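Below: one structure, written as structure tokens.
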Amino acid sequence: MNILGIDHLEFYVGDARQTAYYLCTAFGFRICGQGGPQTGLPGQRSLLLQHGEIRIVLTSGLVADHPATLYVGRHGDGVAVIAFETDDAAGLYDYVVGRGATPLGTPTVHENSAGRVVEASVSGFGDVTHRLVERHGSRWDFLPDTIEMTVPEQSYADDLLQVIDHLAICVPAGEIAATSRYYQDVFGFAEIFEEYIEVGGQGMDSKVVQSPSRQVTFTLIEPDLSRRPGQIDDFLSWHAGAGVQHIAFRTGDIVTAVRTFADRGVGFLSTPGSYFDALEQRLGSVDLPIAELRQLGVLVDTDHYGELYQIFTQSMHVRRTLFLELIERHGALTFGTSNIKALYEAKERELAAPAEAVPAPAQDARPAGLAAA
């Protein structure tokens, strides 16, 4: 068994074209492929987006009983599939099913003249599933015979985003230990960190599990019901159960990334000046200028291995659930323990403010590839 990393994420969304417009115009994703009834995917429309090595499939159901339609009806737009890259999809499928995973899709081969892909599916947490993906030949042809690639293969070396650093997952109270144990026992992950977090009158438990390759990392969070209800309780209520709260995208230049995305309309969570007033005394000298971090609201922390810089977006969904993180690592391997409180205080301020209306995009202002999708 060898889980190499996250091959892709699949979002189930009410309107794949509208979500693609946002991700392309705001974050610089590009539409690379599409699928639907004409490519052997009945009852759905899918768009494949890429930025750096990050691949996201956006799927909307066309019929009432399609899994994407049912998912969106229950949870709103969100991450429905976390796909693991592996060197042996059939072997991994047999292994994890034998260890307790629920089988959801037996190994299937997709191939054309450019390459071959083997995929299978098993249970994850809540309504999120795991797709096991084994690739041979051209990695550009995402899923031969089901996703039609609409642009030529291209380089993403200059993109601001690189890879998926980690995913934060909210689970109902009382489920965090069992969820952590599931990934340890079934997928061979290790629990590398745990912490109890207090923010005001709120409390929450956090555990981090990671694949042996260190390329797949889940931060698990559950609320403490003995404390005041807060944003984790809100997420679980609005999302109707366990789900991905945020996705962390790694970048090699967080200052440029934040400035670029903010200029395109992305809203980031604010950080009070007092956080930066105490920063130099708490951490000493850091690699990036504190004045720039203060101006942009970028958080910074250190561990035994180095520094990390991170910032969180406002939620882009009407239910105010899923949001994104940008993270730049200067050797650090952990997740900004001292920043967790700052994150949750910022999220409290966002949720306390009235939701802002988002203007509709102009009909003729579409990212490349969207008109044909």
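The values are calculated or read from the model by the stated rules, or taken from the named source; none is laboratory data. As the structure is a computational prediction, the values presented were derived from the model and not from experiment. Cβ coordinates were reconstructed from backbone atoms using ideal geometry, including for glycine residues, and neighbour counts include every protein chain displayed. Surface areas here come from the heavy atoms of the whole protein model, side chains and all, with no ligands, DNA or RNA. Shrake-Rupley method; radii C 1.70, N 1.55, O 1.52, S 1.80 Å.
Kyte-Doolittle mean at least 1.6 and Cα extent at least 27 Å along the axis: which DSSP H helices of the chain qualify?
Membrane-span-like by this criterion, though nothing is claimed about a membrane: none.
If you roll a 1.4 Å probe over the chain with all protein chains in place, what percent of the accessible area is carbon or sulfur?
The computed percentage sits at 50.
Determine the relative contact order of segment 147-278: mean sequence separation of Cα pairs under 8 Å and six or more apart, normalised by residue count, in whole percent.
Dividing the mean separation by the residue count of segment 147-278 yields 31 percent.
Once you keep just the Cα pairs under 8 angstrom separated by 6 or more residues, what percentage relative contact order results for the chain? Mind showing how you got there, number by number?
Working: 796 pairs, mean separation 58.8, N = 373.
This gives 16 percent for the chain.
Cβ neighbours within 10 Å, averaged per peptide: list 319-326, 187-194 in order, most packed at the top.
319-326, 187-194
Can you tell which of 86, 115, 68 lies farthest toward the positive end of the dipole of segment 68-122, using +1 and -1 charges on the Cβ of basic and acidic side chains (Lys, Arg; Asp, Glu)?
Of the options given, the answer is 68.
When the Karplus curve 6.51 cos²θ - 1.76 cosθ + 1.60 is applied with θ = phi - 60°, which whole-Hz ³J(HN,Hα) does each residue of segment 157-163 get, with x for Gly and Pro?
My calculation for segment 157-163 gives 4, 9, 5, 6, 9, 10, 9 Hz in order.
Which percent, nearest 5, of DSSP beta bridges in the chain are antiparallel?
Expressed as a percentage, antiparallel bridges in the chain total about 80.
If you work out volume of the Cα convex hull per residue in Å³ from the coordinates, which of [x] 138; [y] 127; [z] 171 do you get?
Answer label, from the structure shown: [x].
Once you've got the GNM for the chain with C-alpha springs shorter than 10 Å, pick whichever of 185, 141, 77 has the biggest mean-square fluctuation.
Checking each option, the largest mean-square fluctuation is seen for 185.
Mind giving me the FRET efficiency for residue 178 and residue 151? R0 is 56 Å, r the Cβ-Cβ distance, nearest 0.05 is fine.
0.85
Ranked by accessible surface with a 1.4 Å probe, highest first, in what order do 12, 183 come?
12, 183
Might you tell me the accessible area per residue for segment 235-286, computed with a 1.4 Å probe and given in Å²?
On a per-residue basis, segment 235-286 sits at 42 Å².
Springs between alpha-carbon pairs under 10 angstrom, Gaussian network model over the chain: which of 171, 199, 258 fluctuates most?
199
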